[in-house]
Amino acid sequence: VAAGRCAQLRERNGLAHVPEQILITAGATGGLANLVGATLAPGDEILILASFGPLIRGIAQSFRATPVEVPFFDRVATRAEAVAAVESKITSRSRVLYVSTPSNPTGRVIPGDWLEALADLARRHDLWIFSDEVYEDYVYTGEHVSMARFAPERSVSVFSVSKSYAMAGQRVGYLAGPSSIISEARKIGTHIYY
């Protein structure tokens with residue numbers, strides 16, 4: 001299964017992964033929980049571009065991390081404004097930047113040059129990037145670009161077959177990212193799912 005995902009990610013998203021960098025999860029939500037559990041300690045902050053689906057906030061709080069809303073989708077109109085909005089919320093406790101594109105719930109697609117600038121910002125501040133791409137097949141205006149193209153060493157892409165293959169309720173998703181974080185997320189998933 002992981003080898004098939006690697007081929008699809010290379011072809012569709014321009015991402016180079018090996019099977020050890022793929023983790024099949026109990027839906028994208030389960031994958032996000034694995035990531036949060038693997039990367040955030042109590043009090044650490046996850047910056048979340050708002051507006052957003054409510055599950056990521058609850059996942060962060062479940063692991064005693066602090067979700068920090070970044071007014072974004074209805075507030076920024078340029079690449080510079082996008083970077084400034086995120087940078088204004090970064091503190092010494094910030095550990096993760098959560099990006100959903102196409103956005104849940106707005107449907108807005110963040111342009112590739114904005115994602116590249118946000119990836120550079122994450123690199124400067126040593127932030128992990130959780131790139132929620134579960135709606136990648138639902139783009140009506142613009143083009144979906146995987147954020148991991150710009151910072152593969154610090155990005156984990158989150159996908160869901162529930163959306164792409166009309167399997168809602170089946171709870172199948174997967175993560176694609178650096179082996180170091182995927183192996184830690186696998187440990188969390190093993191203890192949660194089994």
When residues of region 86-109 are limited to those that are of a type in the set (A, V, I, L, M) and in contact with a Leu (Cβ under 8 Å, 6 or more places away or on another chain), the one most open to solvent (accessible area, probe 1.4 Å): I90
Output the residues belonging to region 131-162 that are surrounded by fewer than 19 Cβ atoms within 10 Å (Cβ to Cβ) and touching a residue at least 60 places away in the same chain (Cβ under 8 Å). R149, S162
Which of the residues belonging to region 23-45 are part of a helix (DSSP H, G or I) and hydroxyl-bearing (S, T, Y)? T29, T39
Of the residues in region 153-194, how many are under 18 Å from S131 (Cα atoms) and of a type outside the set (K, R)? 24
Residue selected from region 1-22 under the condition outside any helix (DSSP H, G or I) and at pLDDT 75 or above, by the criterion nearest to I192 (Cα to Cα): I22
Please go through region 46-65 and pick out each residue that is among the polar types (S, T, N, Q) and assigned to a loop (DSSP other than H, G, I, E, B). S51
Scan region 49-72 and tell me whether some residue there is without any contact (Cβ under 8 Å) to a residue 24 or more places away in the chain, among the acidic types (D, E) and open to solvent by 70 Å² or more (accessible area, probe 1.4 Å). yes
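The values are calculated or read from the model by the stated rules, or taken from the named source; none is laboratory data. Fair warning: this is a prediction, and the values are worked out from it, not measured in the lab. Quick reminder, even Gly has a Cβ in these numbers, built from the backbone with ideal geometry, and neighbours come from all protein chains shown. Protein only, heavy atoms only, side chains kept; ligands, DNA and RNA dropped before computing areas. Shrake-Rupley method; radii C 1.70, N 1.55, O 1.52, S 1.80 Å.
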